Structures are given as C-alpha cells and as structure tokens.
Amino acid sequence: MPSSLEIALQAFTYRLLQGVHTLDSFKPRTLPSSKIRILPGLVAAAALLFALYGLMPARMAMPRQIADRVTGVRCAQSADGAWYWLEQRGGQCAIVKTDGRGNTVIATEPAILDLSVDQSQSAWIALSVGQASIRSCAGSTPTTLCPAAPTARSLCLRNGIVYWAEQQPEMLSGIQALPSIGIQTVIKAISVSGGSSSTVGSLLEAGDVKIVGLSGDKLVVMCTRSGMRGVSALYLMPTKGGEPARVAAAVGTQHATVTRHGKAYYTTAGRDTSNPALLAAINALNADGSSSPLSDWLPANGEIYAANNQLLYLDGSVYPALWKPGSERSLPEKLTVPAGYTPLAVGDIGGPKVLLRPDFAISGTYPLYEVRLPE
Amino acid sequence: MKQRGPSNFKRQVSPGLAAVMVIAVLVVVQYVWYVGLVKKPTTPMGQPKSGGAPPPANKELLLHGKDYIVVDTIAGDLDPGNADGPGYKARFDRPTGLAIDPAGVLIIADSGNNSIRSMRPDGVVTTLAGNGTPGKVDGAASNAQFKYPTGVCVGADGTIYVADTGNNAIRAIKAGQVTTIAVAGKGGIPNGAYSPVSIAFKSDNSHGGTLLVADAAGKAVWELQTGGGVIAKNVLAAAPTSVSANGDAIFCLPQAGMLQIGSGQTQNAYIAGSDELDDVKRRPRLSHPLNAIHLGTAVAAVDAAHTCVFLVKNGRAEVLAGLASSAGPAHDYKDGNGEAAFFNQPTGLATDGKRVIYVADTASCCIRRLTAPDFLFH
C-alpha cells in the first residue's frame with residue numbers, strides 16, 4: 001500500500017502536469033480547454049516576435065513614382081508639401097514642381113545658378129548671356145526682382161524676403177592678396193513681391209558664399225575660401241542692422257542647414273579620426289554663437305537635411321547613403337534605402353521623405369521616386 | 001640509349017663568368033647604396049647642402065643657398081579663429097601687416113578679426129586693441145573697434161599706428177587708448193578715393209617723426225604728422241600696397257610690377273635662376289610686389305604672383321623661401337628649409353634686423369618665421 005506521502009506526491013505531480021497551480025486540494029478539477037492552455041504560449045511567442053521586430057532595422061515603404069522622363073536633376077528642395085528641383089533640359093534649365101497632383105514647370109532659363117523655395121514661393125538666380133538676375137515666382141508667373149546682379153552666386157528665400165550674395169570687385173584689378181582691398185561679399189535683400197533692394201551687410205570673404213537660412217533674425221552664411229587647403233567659415237549676419245560675426249571656421253569644405261525652427265547645424269572634419277578628410281562630424285550652433293558636437297564618424301563631403309524635426313545626413317560618396325546622426329555616445333545609424341535606388345535629397349512632404357532615382361540612371365532620362373522615411 | 005647522369009652533367013654557364021656577373025651586380029648595388037644614402041649632396045661650390053653645416057662664406061651662394069633658410073610657424077594655424085595664448089594655441093584670421101617695436105614685440109594687423117594683436121619674444125600672443133566686431137569706436141583698447149585693419153607701424157615713443165582700411169582712417173594706440181588721428185573727409189584727406197593699406201614711421205627732426213601712408217585708392221603716399229596733420233601728398237605711378245621707411249622709403253606698386261626704392265625703381269625684376277630659359281618673356285618675374293622691407297643692403301619682398309619670399313638686389317630677385325614658378329603661385333602651407341617650404345598667401349613682412357624675417361601668411365592665418373644666415377643682413 002502506498003503511504004500517504006507517496007499519494008500526496010503523486011497528486012502534486014499530476015496537478016503540475018495538468019497546469020494546476022494551487023496545492024490547496026486533492027479534489028480533481030475539470031481541466032481548461034486546449035485553446036486556453038496554449039494561450040500563454042501564444043502570448044510569449046508574440047512578445048518574442050515583437051522584440052525581434054523591434055531589433056530589426058527600420059525598413060522604408062516601397063518608393064512611389066512622382067515624375068517620369070527627368071533629365072539631369074541638379075538640386076532638389078521641398079516646401080509647402082511639394083518637391084522643387086532644377087532640371088537640365090538640353091540647353092535650358094527648368095525649375096519643376098511636383099505636389100502629388102502632377103508636375104509643373106515654374107520657369108525655364110538659359111542657366112540657373114541657385115534656387116531657393118519657401119512657402120510655395122520660389123526665387124532663383126538666372127544667368128543669361130553673362131548677365132545674372134534675381135527672379136521669383138510667388139504666384140503663377142515669374143517676375144524679375146533685380147535685373148542686374150552680375151556677381152550674384154547664392155540666394156535664400158525666407159518669409160517673403162529674397163536674400164542674395166554678390167561679390168564686389170577688388171580695388172586693384174587682378175590683385176586679391178590683401179583681403180581689405182580684395183573681393184568682398186555683399187548680402188542684399190528684396191521683397192519677393194518686388195520693390196527696391198537694400199544692403200543687409202558685407203563680409204570680408206572672396207570665395208564661395210552660400211546663404212544657408214534664417215536663424216531668428218540672423219542669416220546663416222557659409223563661406224568657403226579658395227586656395228589650397230581651403231577654409232570654411234560660418235557667419236551670423238543680422239538682417240536688421242549690425243555687423244556679421246564669424247561663429248565657426250575649419251579647414252575644408254563644409255555644409256550647413258537651418259531647421260524651420262531656426263536651429264543651425266554644420267559639418268566639420270571628423271574630430272575623432274586619424275584621417276579627418278575621410279570622416280565628418282556634425283555640430284549644432286547654439287543661440288549664443290557657440291557650437292556643440294552632435295555626431296561624428298560620418299562619411300565625409302555630405303549634406304545635412306532637416307525634415308520634420310529630424311536631422312539627416314546624405315553622405316558624399318559615389319553611391320550616397322542616408323544617415324541618422326548619432327549622439328556623443330552613439331554612432332550614426334545608416335538608414336536602409338530601397339535596393340536599386342539612389343537618394344538625391346531629403347524633404348518635408350507631410351513628414352520626412354527621400355527623393356530617389358534609380359541606380360541605373362547614370363545618364364539620359366529616368367523617373368523620380370519618393371519614399372517616406374520611417375518615423 | 002645513353003643514360004643521363006652525374007658523369008655527363010654539363011654546366012649552363014661557366015663558373016668564372018658567373019662569378020664575374022655576381023661581383024658586377026654587387027658592385028652596382030654598393031654604388032647605388034653609396035650614392036643614394038651615404039654620400040652627402042653638395043652645392044656647386046662643393047659645400048654640403050644641409051645637415052647642420054656652417055653657412056657659406058661666399059654670398060654668391062645665395063643663388064643656390066636657399067636650403068639655409070629655415071621656415072617655421074610661430075603662431076596660428078590653418079583654421080581661422082580669434083584666440084590669445086602661446087603661439088601654437090593662438091588663432092588669427094587673415095593677418096596682414098607686421099611691425100616690430102624696439103622691445104622685439106611683433107605687432108600684427110589681424111584683418112579678419114578686426115583687431116591689433118601682439119606677440120612677445122617669448123611667443124605669447126595677446127590682443128592689443130579691438131573687440132573683434134568690425135566698426136569704428138575709439139576709447140579703451142579692449143572696447144575699440146576697427147574694420148579690416150591692414151597696416152601697422154610703431155612710432156619713436158612706442159605709439160602703434162594702424163592703417164584702418166575699412167574705416168579709411170589712421171588710428172593710434174597709446175597707453176591702452178585708441179584714437180583716430182586722420183580720417184577720410186577731414187584735415188585735407190579726400191572723402192572718396194582714399195584707402196590706407198600700409199603705414200610706416202619715419203624718424204626726422206622737423207616734426208618728431210613722419211607717418212607715410214600708402215593710399216591704394218588714391219594712388220599716392222601721404223606724409224602725415226604723428227598728430228594726423230597732412231604734410232604732403234606724393235602721387236605715384238600706380239596704387240601702392242605697402243610702404244616701408246627704415247632707410248630709403250620703399251613703395252610696392254603691384255599693378256605696375258614695380259618696387260620703388262627711394263628715387264630708384266625696380267620693375268618686373270626677373271627671378272634669378274630662371275636665366276636658363278631661352279625665352280626672356282617666359283622668365284618668372286617679380287611682377288606684383290605686395291610688400292617689401294630693407295634687409296641689410298638688399299630688400300626682402302613678397303609678390304602676389306608668387307607665393308614666396310624674395311631677396312631683391314640689383315634688379316634680380318632671389319627666392320629665399322617658397323616656390324617661384326612661371327606657371328603661377330603655388331599655394332600651400334608647409335614648414336621646412338628654403339624651397340621645401342610653402343606659403344599660401346604671404347603679405348606682411350618685418351625683420352628684427354638680426355637673423356629673422358617674419359611673414360604674415362594671410363590665407364594660412366598664421367605668422368611664419370624665416371631664420372636666415374647673418375650675411376643676408378650685411
């Protein structure tokens with residue numbers, strides 16, 4: 001005869017095997033249905049799959065075609081939910097806009113040196129027979145704001161004002177060695193609806209000047225000095241009077257952007273590498289003019305984009321990749337672009353989107369695609 | 001059939017010939033090793049070219065002796081900035097004019113930082129005047145404002161005079177105070193074509209010293225009293241970019257390719273060492289002299305068409321440091337000996353009168369130093 005201890009152990013084992021968790025009684029119970037018994041297992045499996053999904057890199061949706069038979073896209077920007085790009089069409093240069101309802105050619109010029117868009121308005125520097133002019137389109141018809149801006153090279157449209165940079169000739173022709181009597185840059189402004197232009201200020205810079213954007217009431221201006229081992233300098237220039245201040249400078253070509261909230265970011269050579277020319281870092285420009293490091297270890301010669309409060313970096317390699325900058329304690333994250341496409345630009349089209357072209361489109365005509373970035 | 005074996009082994013080359021070949025190869029290897037690595041290179045005069053050898057006694061070696069000039073950077077770096085401190089920490093933004101005071105302090109017109117800087121003999125850089133913001137404010141040196149200052153000089157009493165180009169003014173720094181002593185539109189100076197780019201102090205008995213101001217826009221050199229009053233205006237053949245007054249005044253007229261030393265003129269001096277070019281027109285020339293100072297009995301000069309420092313004498317220009325080429329300026333930034341050194345854009349010159357020439361390498365945003373043999377100064 002089994003002892004009472006043996007009987008108790010057998011009963012305990014039986015109940016364990018039946019999934020009964022209480023030991024309060026030896027009374028036999030009705031077992032739950034098989035569907036209920038496998039429920040904990042299903043929940044655990046779902047949690048495991050969810051965790052694995054979270055660990056996988058975010059994937060983009062499939063690209064959506066937005067234009068067909070495009071030739072030679074030079075630069076692309078976004079504003080007011082639409083893409084704008086410069087397109088080389090034979091001997092002409094066209095500004096094309098697409099907003100999901102179709103493509104519109106805003107203007108066609110013999111050559112366009114720079115384009116800036118803001119709030120469904122656009123402004124550009126048109127070049128014709130050696131004469132540059134400032135033109136804009138605030139409605140349906142392009143207008144000429146400044147017919148003669150022979151040395152205009154960069155412009156920026158913000159809040160209905162067009163700012164552009166012109167070079168003033170050197171005092172002694174052909175002799176530029178003394179900066180104070182050499183070529184200088186003057187920033188001018190005009191309303192996008194027309195009127196007379198005014199001078200915002202001047203810079204002791206003779207190289208490539210790029211007006212990046214507006215940070216508060218100050219223009220962010222990036223100047224790349226010419227010459228061997230060129231230097232880039234970042235200036236803040238007050239738009240309502242006052243002298244410009246150089247807030248950052250470094251060896252090499254840099255790129256900068258300003259978010260729609262007025263925060264400026266700029267690239268510089270990687271600080272934490274043995275070969276700074278190969279890697280880039282991103283710094284944030286603080287309101288007081290100081291800089292804070294944001295991210296390092298990015299491939300060099302890229303461009304920063306700000307879209308929907310996201311900062312993204314498109315590197316300058318032959319097949320550029322898109323990066324999400326890291327922080328001081330983390331490496332940047334390479335975003336996966338759909339296979340077979342090359343990113344051209346990042347824009348804010350109801351959220352961050354990437355403008356793509358097919359990889360095989362080295363020359364000739366090709367379609368353009370856009371794809372939403374994972375949030 | 002005859003079997004092949006040791007007994008009928010036949011050598012491909014005779015042992016004697018093989019030994020000769022091996023010895024010949026060894027001799028060639030030894031010779032290359034000796035010439036390439038052991039033998040000291042010599043100049044045409046038979047002196048070793050470098051390696052701590054004594055300076056040449058014969059001044060003719062100037063033609064070939066550039067390796068004796070040592071170029072190094074004493075303050076600043078390629079990246080522009082505005083920082084004081086020891087030379088390696090200090091930062092400038094396109095320094096141009098240089099001067100040396102009697103105590104050996106180097107005065108620097110820091111154009112891009114709109115300030116006047118100084119460098120003590122121990123290498124520490126400080127800001128003498130200017131708060132960095134372009135403008136025109138007199139008063140306490142730390143709050144004063146300049147706009148693109150280009151030229152500086154030191155008066156007999158230690159006053160520092162500044163050619164404040166962006167303000168078309170001559171400013172003075174004395175006892176920590178900045179004052180404007182001459183400005184366009186006042187005291188006989190025209191309001192239009194006037195752009196001071198260089199300034200020099202000339203000692204004389206009649207006025208307690210005279211200031212010579214190179215006016216690029218007016219194509220003239222103004223003689224001013226130290227208080228600012230106009231003494232005379234001397235119209236030149238072209239726009240001057242520098243004036244020097246330690247001895248006969250030197251004016252650089254780059255548009256005319258001319259160095260005017262006192263009453264004499266040196267125009268389009270060809271660069272020594274280019275004599276071998278058959279076509280005289282192809283010889284690189286000192287075609288756009290920007291700045292020049294007396295260096296003993298000769299003149300040290302920099303040129304906008306060549307990124308190097310020259311020694312000009314008797315109508316010929318010797319390359320002291322840098323690379324002169326008929327193909328145009330060779331911009332770069334590299335320290336080293338003589339022609340191994342590179343400059344980006346040398347503009348300002350000063351000398352301690354002993355063995356050192358200071359060069360403001362404007363585009364490199366730094367101050368370079370040329371240490372030369374003594375004979376250059378005699």
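Bear in mind that the values in this text are calculations on the coordinates, not laboratory data. Since the structure is predicted, the reported quantities are computational estimates derived from the model, not experimental observations. For neighbour counting, all protein chains shown are included, and Cβ atoms are generated from backbone atoms with ideal geometry for every residue, glycine included.
Evaluated over chain A, the count of Lys pairs having alpha-carbon atoms less than 25 Å apart is 21 (only pairs 8 or more residues apart or interchain). For peptide B:249-256, the mean count of partner chain Cβ atoms within 10 Å of a residue's Cβ comes to 1. Backbone N atoms of the stretch B:360-378 closer than 19 Å to the 7 Å Cα→Cβ label point of B:Asn314 belong to residues B:375-378. As a proxy for reagent exposure, ranking A:Arg357, A:Arg37, B:Arg171, A:Arg329 by other Cβ atoms within 10 Å from fewest up yields A:Arg329, A:Arg37, A:Arg357, B:Arg171.
Label-to-label distance for B:Asn205 and A:Gln92 is 8.2 nm, based on points extended 7 Å past Cα in the beta-carbon direction.
Length gained on full extension, A:Leu52 to A:Tyr319, computed as 0.36 nm times the residue gap minus the Cα-Cα distance: 93.2 nm. Over chain A, Cα pairs under 8 Å with separation of 6+ residues give a relative contact order of 12 percent.
For the protein assembly as shown, the residue among B:Val183, B:Gly139, B:Gly123 whose Cα projects farthest onto the positive side of the dipole built from Cβ charges is B:Gly123. Looking at the square roots a ≥ b ≥ c of the eigenvalues of the Cα gyration tensor of the stretch A:123-250, which shape do they give, rounded for a/c under 1.5, prolate if a/b is larger than b/c, or oblate? It comes out oblate by the Cα gyration axes. Counts of other chain beta carbons within 10 angstrom of each beta carbon in peptide A:166-177 average 5.
If R0 is 45 Å, the Cβ-Cβ spacing of A:Ala148 and B:Val137 corresponds to a FRET efficiency of close to 0.80. For B:Ala341, the residues whose modelled amide H falls within less than 5 Å of its own, excluding neighbours fewer than 5 places apart on the same chain, are B:Gly322. Peptides B:292-300, A:231-239, ordered by how many other C-beta atoms sit within 10 Å of their residues on average, highest first, read A:231-239, B:292-300. Return the whole-Å distance between the Cα centroid of the stretch B:14-33 and the Cα centroid of the stretch B:167-218. So the separation of the two Cα centres works out to 76 Å.
In a fully extended conformation the segment linking B:Asp101 and B:Asp72 would gain 8.3 nm over its present Cα-Cα distance, using 0.36 nm per residue. Evaluated with a Cβ-only charge set (Lys, Arg +1; Asp, Glu -1), the stretch A:210-335 carries a dipole of roughly 200 debye about its Cα centre, given to the nearest 20. Averaged over the residues of B:218-225, the number of partner chain Cβ atoms lying within 10 Å of the residue Cβ comes to 0. Footprinting exposure proxy ranking of A:Thr342, A:Thr144, fewest other C-beta atoms within 10 angstrom first, gives A:Thr144, A:Thr342.
Here is the list for the stretch A:62-148: trypsin sites (Lys or Arg not before Pro) lying in DSSP coil, each with at most 14 other C-beta atoms within 10 angstrom of its C-beta, are A:Arg101.
Counted residue by residue at 0.36 nm each, then reduced by the alpha carbon distance between them, the extension gain from A:Leu39 to A:Glu328 reaches 99.6 nm.
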